[in-house]
Amino acid sequence: MTRSAAGGPPGAYAGIDIGGTTTQVVLCTGDLTVLDRAEVPTPAAEGGHAMVGAALAALRPLLDRVPARLLGVGVGAAGVVDARAGRVLAASDSFHAWAGFAVTAAVEAALGVPAFLDNDVNAFLRGEVSKGAVAGESHVLAMTLGTGVGGALWLDGALFDGPRGAAGEIGHVPGFGDTPCSCGGRGHLETLASGRFIAARYAQRSGRHTTARGVAAAAGRGDPHALAVFGAAGSAVARAILITAGLVDVTTVVLGGGVSGAWPLLEPSIRTALRADPPVSGAPVRLVRARLGSDAVAIGAASRARTELGAG
Ligand SMILES: [Zn+2]
């Protein structure tokens, strides 16, 4: 924490991660060290006002406990967002009255400080670049293997989200078979590498219904169907990495999300495929596992606020 020139309390940034089931809130110092945190259920069925209200109600006790002056707030949210206007553009069916909601306007009205909105995977990448597994790197692809597959790009030391905010969405490019995807497309990376589809493919092969975590446990016991499903997921992730490296020359890939918990299963198949087919540069792509865990999106959101306010 740095003391303000006037000698008042040190400045702090808040980061809010509004997920489908839980909302995480962190309060950070100027160098993004977490001072305090809270977690509350997301009232996703009750609409944008309730969701932001729950996040702010979780943040207020932190502001009371920690002697700091709030400088800005970053919010990371699932779905398609307009990061410039601070508004949600589209969200899954589980969120009621969230698409169209002006998130930053609601936060600014409540707290009287500037607020910023990011897509959650972009915020995840900001977090890992700021304080996590790829701290200080300048060319990074992030992939989150969760219920779905998210992606984000960090190029020349800054987030590259494209003119429509959809750059880096490697989970929804075709060329990975012909299974229908959750987004309505077909043959997307997500249909091989997401938790939802790992569970579905295992059920199809083995006749046994379980979660992706259950499939990972079965693979750990040597179940050939589970091993095959994870092998296919790993080689698909590697192919997505190689496509990205060939296109924009990322040097490093950071993998997060619940499915990356099966790291001992995924890592060997990804590394094997990366070695078998190196990028045309000849330089190998570095593969690392995310380090910030469930804090990544919230810390990344706080980092966006810090960057926008010119402090880092
Ligand atoms: Zn898709």
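The values are calculated or read from the model by the stated rules, or taken from the named source; none is laboratory data. Nothing here was measured: the structure is a model prediction, and the numbers come from that model. FYI the Cβ positions are ideal-geometry reconstructions off the backbone, even for glycines, and counts take in every protein chain you see.
Could you pull out the residue among Leu145, Leu141 that is within 16 Å of the ligand (Cβ to nearest atom) and touching a Ser or Thr at 6+ places or on another chain (Cβ under 9 Å)?
Leu145
Scan Leu117, Leu153 and give me the residue that is within 30 Å of Val52 (Cβ to Cβ), touching a Lys or Arg at 6+ places or on another chain (Cβ under 8 Å), more than 11 Å from the ligand (Cβ to nearest atom) and not in a loop (DSSP other than H, G, I, E, B).
Working: Leu153 fails: touching a Lys or Arg at 6+ places or on another chain (Cβ under 8 Å).
Of the residues listed, the single one that is within 30 Å of Val52 (Cβ to Cβ), touching a Lys or Arg at 6+ places or on another chain (Cβ under 8 Å), more than 11 Å from the ligand (Cβ to nearest atom) and not in a loop (DSSP other than H, G, I, E, B) is Leu117.
When only residues in segment 161-173 that are closer than 21 Å to Thr307 by Cα and touching a residue at least 12 places away in the same chain (Cβ under 8 Å) count, which is nearest to the ligand (Cβ to nearest atom)?
So in segment 161-173, the residues closer than 21 Å to Thr307 by Cα come out as 161-168.
With touching a residue at least 12 places away in the same chain (Cβ under 8 Å) added as a condition, the list becomes 161, 165-168.
Details: Asp161: 18, Gly165: 16, Ala166: 12, Ala167: 16, Gly168: 14 Å.
It comes out as Ala166.
To keep it simple, each residue is scored yes or no on (1) in contact with a strand residue (DSSP E or B) (Cβ under 7 Å, 6 or more places away or on another chain); (2) farther than 15 Å from Ala55 by Cα; (3) part of a helix (DSSP H, G or I); (4) polar (S, T, N, Q).
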position: Gly72; (1), (2), (3), (4): yes, no, no, no
position: Gly76; (1), (2), (3), (4): yes, no, no, no
position: Arg84; (1), (2), (3), (4): no, yes, no, no
position: Gly100; (1), (2), (3), (4): yes, yes, no, no
position: Ala105; (1), (2), (3), (4): no, no, yes, no
### Task
Determine which single condition Leu247 fails, assuming it passes every other condition in (1) at pLDDT below 95; (2) closer than 19 Å to Gly168 by Cα; (3) surrounded by 15 or more Cβ atoms within 10 Å (Cβ to Cβ).
(3)
### Query
Out of segment 174-190, which residues are surrounded by fewer than 17 Cβ atoms within 10 Å (Cβ to Cβ) and either near the ligand (Cβ under 9 Å from one of its atoms) or on the phi < 0 side of the Ramachandran plot (or both)?
Pro174, Asp178, Thr179, Pro180, Cys183, Gly184, Gly185, Arg186, Gly187
### Query
Among the residues of segment 139-153 satisfying the criterion of being touching a residue at least 40 places away in the same chain (Cβ under 8 Å) and within 15 Å of Asp249 (Cα to Cα), which is nearest to the chain's Cα centre (by Cα)?
Ala142
### Selection status of Leu35, modelled with pLDDT of 95 or more, farther than 30 Å from Gly162 by Cβ and in contact with a Cys (Cβ under 7 Å, 6 or more places away or on another chain)
yes
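Across segment 154-167, what is the number of residues that are buried (at least 16 other Cβ atoms within 10 Å of the Cβ) and either hydrophobic (A, V, I, L, M, F, W, C) or modelled with pLDDT of 95 or more (or both)? Let's see the steps before the verdict.
Step one: list which residues in segment 154-167 are buried (at least 16 other Cβ atoms within 10 Å of the Cβ), which gives 154-155, 159, 161, 165, 167.
Adding the requirement that they be either hydrophobic (A, V, I, L, M, F, W, C) or modelled with pLDDT of 95 or more (or both) leaves 154-155, 159, 167.
Qualifying residue count, segment 154-167: 4.
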## Note on the structure
Of Ser281, Ser294, the only residue that is assigned to a helix (DSSP H, G or I) and either under 23 Å from Ala135 (Cα atoms) or of a type outside the set (D, E, K, R) (or both) is Ser294
### Query
Taking interchain pairs and intrachain pairs at least six residues apart, which have beta carbon atoms under 8 angstrom, with the first residue in segment 250-268 and under 16 Å from Ala228 (Cβ atoms) and the second surrounded by fewer than 23 Cβ atoms within 10 Å (Cβ to Cβ) and basic (Lys, Arg)?
Ala262/Arg213
### Task
Could you please give the count of residues in segment 200-233 that are surrounded by fewer than 21 Cβ atoms within 10 Å (Cβ to Cβ) and not basic (Lys, Arg)?
20
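Inspect all residues belonging to segment 295-307 and state whether any of them is farther than 30 Å from Ala115 by Cβ and either under 20 Å from the mean Cα position of the chain (by Cα) or crowded, with 21+ Cβ neighbours inside 10 Å (or both). Before you say what the answer is, go through the steps one by one.
Looking only at segment 295-307, we keep the residues that are farther than 30 Å from Ala115 by Cβ, and these are none.
No, the conditions are met nowhere in segment 295-307.
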### Complete set of residues in segment 134-145 that are surrounded by fewer than 23 Cβ atoms within 10 Å (Cβ to Cβ) and small (Gly, Ala, Ser)
Ala135, Gly136, Ser138
